[in-house]
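Below is a structure I'd like to ask you about.
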Amino acid sequence: MFNKVIVALSFMVAACFQPDYAIVESQNPEKIYIEVEGPTTVVEVPVYIEVEVPVPVEGDIWVDSFTQSKASDGVDILWIIDTSGSMYRYDAQLLAGIETMLNALPASGWRLNIISSHPSCAANENRFPLVPGDDIADAMDMLSMMCTGGMERGFDAAYEYIVNNPYAATWMRPGTSALLIVFVSDEEEQSMIYHPYVSDFTFWYSMIRSIGSTYLASVINMDPSISMCERAPNLIDVGERYIEATNYFSGVVVDICNPDWSAGVTDASNNIEPKESLKLTHIPDPTSAIRVFINGSLNHDWYYGSSDNTIYFTVIPDGGSLVEIGYLYDPTITQDTGDTGQ
């Protein structure tokens, strides 16, 4: 942690009572040379340099961070659903989650389609997306007509649809819009053709839109130690690959056994809009300073709201910027997490 101190440096210079003078460049940043002409007298010129110097600190340091969303001309949304036989038990949550997203999206500018995680189905789907004005009844019709299959290969299905399915180009807007993919599966991601490694998928996905315009969310089985399922899932069914990819894009992960997906789906919808504020994870130590960095540079265009423990930006960070907020905190003090920014 750094504290600001004022360092006073005094320099002896020659000066006249009515001097002509000029500052001469110095190789030493702590010295200033002044060249004087005419009768001289010696005077002392104080120079104050404001610097940040490291000082010992006590307590835990936490850094909240996010990559700023890039303002865009709308958003294309693709729900990629596991359509294997075991997924029927989540039909109610699935429909409620889609309805929540439809209600959370802005009044215009979005398009939403739903496809199977079975790659051959994804390669041949040709249904027009949901658009503003459509509702959950339209989403139910879409689900009832979609191709289904038993493969849980969400990454490869995304590739098949976006790259190899000509119909995708009739409604997706790669040049102007953001892209959000929501994966839903009760089994691990099993792609083998295009994306055998998670890094294969994250590299491809990050390149198909401009920086700051690709987003992920996943509704999957969590580790048994934190799963909300009445019967803990087998380790082989935990969506580790989905989680890794989603975390890479700072996305939202929802436990598929959560009876209500609405909070996570709402967060995923909000993530596509540039953040004007961020609620901190912990309550900062009031005796220490908060530091905000944008792309590694110290930033002062913000203020802290103690009533809701939120950083508010007076100048909105540019799209694609890495925003990091560091502060000391007391880990014994907890808070209501609430909203994570807007």
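The values are calculated or read from the model by the stated rules, or taken from the named source; none is laboratory data. Remember, it's a predicted structure, so these values are computed and weren't measured experimentally. A quick note on method: Cβ atoms are made from the backbone with ideal geometry, for glycine too, and the neighbour counts reach across all protein chains shown.
Which ranges mark the strands (runs of 3 or more DSSP E) fully within region 249-314 that have 3 or more residues being over 30 Å from ARG89 (Cα atoms) and in contact (Cβ under 8 Å) with a residue 60 or more places away in the chain?
Numbers: elements: 252-255, 277-279, 291-294, 297-299, 302-305, 310-313.
So the answer is 277-279.
Select from region 236-245 the residues that are outside any loop (DSSP other than H, G, I, E, B) and free of Cβ contacts under 8 Å to residues at least 60 places away in the same chain and write down the one among them that is farthest from ASP308 (Cα to Cα).
It comes out as ILE236.
For region 264-310, name all the residues that are β-branched (Val, Ile, Thr), closer than 26 Å to PRO106 by Cβ and touching a Phe, Trp or Tyr at 6+ places or on another chain (Cβ under 8 Å).
Within region 264-310, the first condition is being β-branched (Val, Ile, Thr), and the residues that meet it are 265-266, 272, 281, 283, 287, 290, 292, 294, 310.
With the extra rule that they be closer than 26 Å to PRO106 by Cβ, the set shrinks to 265-266, 272, 294, 310.
Selection gives ILE272, THR310.
Only residues that are in a loop (DSSP other than H, G, I, E, B), under 30 Å from LYS70 (Cα atoms) and not aromatic (Phe, Trp, Tyr): list them for region 187-214, please.
If the condition is that a residue be in a loop (DSSP other than H, G, I, E, B), under 30 Å from LYS70 (Cα atoms) and not aromatic (Phe, Trp, Tyr), then GLU189, SER191, HIS195, PRO196, ILE208, ARG209, SER210, ILE211, GLY212, SER213 are the ones that fit.
Just to be sure before I move on: is ALA217 of a type in the set (A, V, I, L, M, F, W, C) and either more than 24 Å from VAL131 (Cβ to Cβ) or not in a strand (DSSP E or B) (or both) in the structure I sent?
On the way: of a type in the set (A, V, I, L, M, F, W, C): yes; either more than 24 Å from VAL131 (Cβ to Cβ) or not in a strand (DSSP E or B) (or both): no.
No, not satisfied.
Within the bounds of region 191-200, is there any residue that is touching a helix residue (DSSP H, G or I) at 6+ places or on another chain (Cβ under 7 Å), surrounded by fewer than 18 Cβ atoms within 10 Å (Cβ to Cβ) and closer than 25 Å to GLY85 by Cα?
So far as region 191-200 goes, yes, one or more of its residues are touching a helix residue (DSSP H, G or I) at 6+ places or on another chain (Cβ under 7 Å), surrounded by fewer than 18 Cβ atoms within 10 Å (Cβ to Cβ) and closer than 25 Å to GLY85 by Cα.
Residues that are closer than 25 Å to ASP308 by Cα, part of a helix (DSSP H, G or I) and not assigned by TED's automatic domain parsing to the domain that holds SER321: does region 227-235 have at least one?
Within region 227-235 (the criterion being closer than 25 Å to ASP308 by Cα, part of a helix (DSSP H, G or I) and not assigned by TED's automatic domain parsing to the domain that holds SER321), the answer is no, since none of the residues qualifies.
State which residue is farthest from ILE80 (Cα to Cα) when the search covers only region 143-184 and only residues that are of a type in the set (S, T, N, Q) and in contact with a strand residue (DSSP E or B) (Cβ under 6 Å, 6 or more places away or on another chain).
The residue in question is SER177.
Which one of these is at pLDDT 95 or above and on the phi < 0 side of the Ramachandran plot: ALA168, ALA232, ALA178?
Testing whether each residue is at pLDDT 95 or above and on the phi < 0 side of the Ramachandran plot leaves just ALA168.
Taking VAL315, is it of a type in the set (A, V, I, L, M) and under 30 Å from TYR197 (Cβ atoms)? Let's see the steps before the verdict.
Working: of a type in the set (A, V, I, L, M): yes; under 30 Å from TYR197 (Cβ atoms): no.
Answer is no for this residue.
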